[in-house]
Amino acid sequence: MTVSRVIPATLLLPLLLLLVGADEGGPPDPGPPPGAEAASPDAGVPEVGPVEVGPVEVLPGLLPPAPVPSREADPPFGHLRSLSAKQDLLSRAKKNAAGRLVLADKTGEVPLTIDPVLQGQLNAILTQYQVPFGAVVVLEPATGRVLAMAEHSQSRPDVRGLSTRAVFPAASIFKIVTGAALLEAGLTPEAETCFHGGKRRISSKLLEDSTSDGQCHSLAEAMGKSANVIFAKLTQRHLSPEALRRAAARFHFNREIDFPVPTDVSLASVPEGDEFRFAQTGAGFGDVYLSPLHGALLASVAANGGVWREPVLFEPGEDTRASAGERVLSPEVARGLTTMLETTVTRGTARRVFRERGMGVPGAVGKTGTLADNKPFRDYSWFVGFAPKDNPKVAVAAVLVNEPLWRIRAAWLGREAMRLGLARLPPGALVPPVPSTPDATPPAAVPGEDEVEGEEEHLPVAQTPAAPAPEPVRSAESQP
């Protein structure tokens, strides 16, 4: 009986309230639900259903905008495409009466930031050494002004645009991203990790602490020597896929780069659910691809104290305001990253190249990278960096794709790009001046400390000359 009487009253109540509300000219105030206490103005919104919230900011680049190809099954270099004649702005540029490179448009001549002398010097090196595929980019980190974008292909002379194609596996260059993420996770450049093996390959067994761990490196030494096992161990222990994915996105992987020349998105796949593959990715063995232009921009982040600046190809007008850039690393992390990159040049994988008599680059820092495809064989070598460390004026990226027979590799080319770029600076640009103090005697080769130490494919390195000159072809399949 009680139930039968309550039900009709419950049904009539909404109708009564509706009629009262209509007489007052507006919808009724239903008040608090039955059993609820009267809420004060500070009590918040009762949970009576979904609550609309403002848009949540999502960091661009967390997800690749396109499927990321498998480096082993389908290397993207095999699908290399050339820029069209219309897109190839550098080939269309002409020198004006003042010797500047300009592009003609409807409004007149638009000056480029490219230094024609530096561009010509680097093009000459690539051509003289008959590199199968090669590109080198030099830019001014503080402004993003691109000073050179040189490239050459002996194998496919018709190909243009290598500087902006992200078909090259990033290899150990990705350790820059991992290293920054580890610093953000609380590690310091001095933090030591012990390991064994992993010079050519890494396995899940090597990532476990063992009594065989007879070597210990600091994080800075691991960066300089490109110690794969250490980076894989630390990735597995201190990072999550989300943390590494966010670090990559802040370095503008999986994001478009605003540039007048069409530039591929540098794709990075960070695996989830497979701890070993995730650790491999942190060490530089993942499906991650990079363009040379983007490589120089990676180096610029550390050079700028953690600020990303978009690349600039056209000289800004007098009334153009300089962009503040995008802060992607804290100044402290950027300084720690620079300390780690310096080790590459002072006692790491590029030590020998930067100590050639009379060819030193004071204050240089950088990172090498090496990987190889097997069928067909392609030897990818990278160098990215900047100089001088305490007053950065140039940032560079060099990549070469060699066959089993080769003449030069990227660390040598990157050093030459730094050296020639700094030589183009006006007098007094380096303040305070950094004296050049090359070693009186080139260092003897130390087994295991050449420019490919710690990379996936251990390839011998030929002694390159100090200046472009015809050299015998070296073999990647035999010891020098």
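The values are calculated or read from the model by the stated rules, or taken from the named source; none is laboratory data. What you are looking at is a predicted structure, and each value in this text was computed from that prediction instead of being measured. Note that each Cβ is placed from the backbone with ideal geometry, even for glycine, and that neighbours are counted across all protein chains shown. We work out accessible area using only protein heavy atoms, side chains counted, and drop any ligands, DNA or RNA first. Shrake-Rupley method; radii C 1.70, N 1.55, O 1.52, S 1.80 Å.
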Expected vector for the range 354-366, Karplus 3J(HN,Hα) from phi with 6.51, -1.76, 1.60 and θ = phi - 60°, integer Hz, x for Gly and Pro, equals 7, 10, 4, 4, x, 10, x, 10, x, x, 6, 9, x
By how many nm would the segment from Lys375 to Glu332 grow when fully extended, if each residue of separation counts as 0.36 nm and the alpha-carbon distance is taken off?
-> 11.2 nm
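Taking the Cα centre of the range 106-258 as origin and charging only Cβ (+1 Lys, Arg; -1 Asp, Glu), how large is the dipole, in debye to the nearest 20?
Details: 17 positive and 15 negative charges, 97 e Å.
Dipole about the Cα centre, nearest 20: 460 debye.
Suppose every K and R has +1 on its Cβ and every D and E has -1 on its Cβ; what is the size of the dipole of the range 259-407 about the Cα centre, in Debye to the nearest 20? It would help to have the intermediate numbers written out before the result.
Working: 16 positive and 17 negative charges, 159 e Å.
Charge dipole, the range 259-407, about its Cα centre: 760 debye, nearest 20.
In Å, the Kirkwood hydrodynamic radius of the range 92-213 over pairs of distinct alpha carbons?
Numbers: mean 1/r = 0.0532 Å⁻¹.
It is 18.8 Å.
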Taking θ as phi - 60°, what are the ³J(HN,Hα) couplings along the range 372-387 by the Karplus curve (6.51, -1.76, 1.60), each to the nearest whole Hz, with x for Gly and Pro?
-> 9, 8, 9, 10, x, 6, 9, 9, 8, 10, 10, 8, 10, x, 8, 7
Which Cα, out of Val307, Pro271, Gly286, lies furthest along the positive dipole direction of the range 266-338 (beta carbon charges, K/R +1, D/E -1)?
-> Val307
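Please report, as a whole percent, how much of the solvent-accessible surface of the range 52-183 comes from carbon and sulfur atoms (probe radius 1.4 Å). Please report the intermediate quantities before stating the final value.
Details: 3340 of 5990 Å².
That fraction is 56 percent.
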Can you pull out the GluC sites (Glu not before Pro) in the range 111-198 that DSSP calls coil and that have at most 12 other Cβ atoms within 10 Å?
-> Glu190
With R₀ set to 35 angstrom, the calculated FRET efficiency between the beta-carbons of Ser203 and Asn123, to the nearest 0.05, is 0.25
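Tell me the net charge near Thr188. Cut-off is 13 Å between Cβ atoms, Thr188 excluded, with +1 for each Lys or Arg and -1 for each Asp or Glu.
Numbers: positive: Arg335; negative: Glu184, Glu190, Glu192, Glu221, Glu332.
Taking every Cβ under 13 Å from that of Thr188, the sum is -4.
For the range 292-351, what is the accessible area per residue in Å², given a 1.4 Å probe and the full set of protein chains? Please report the intermediate quantities before stating the final value.
Values: 2400 Å² over 60 residues.
That works out to 40 Å² per residue.
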Under a straight-distance cross-link criterion of Cα-Cα below 21 Å, which lysines are reachable from Lys393, leaving out those fewer than 8 residues away in the same chain?
-> Lys367
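Give me the 1.4 Å probe accessible area per residue for the range 61-112, excluding ligands and nucleic acids, in Å².
Values: 3390 Å² over 52 residues.
Ligands and nucleic acids excluded, the figure is 65 Å² per residue.
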Using a probe of 1.4 angstrom, how much of the accessible area of the range 300-428 is carbon and sulfur, in percent?
-> 49
Calculated Rg and Dmax of the range 240-327 using C-alpha coordinates, Å = 15.2, 53
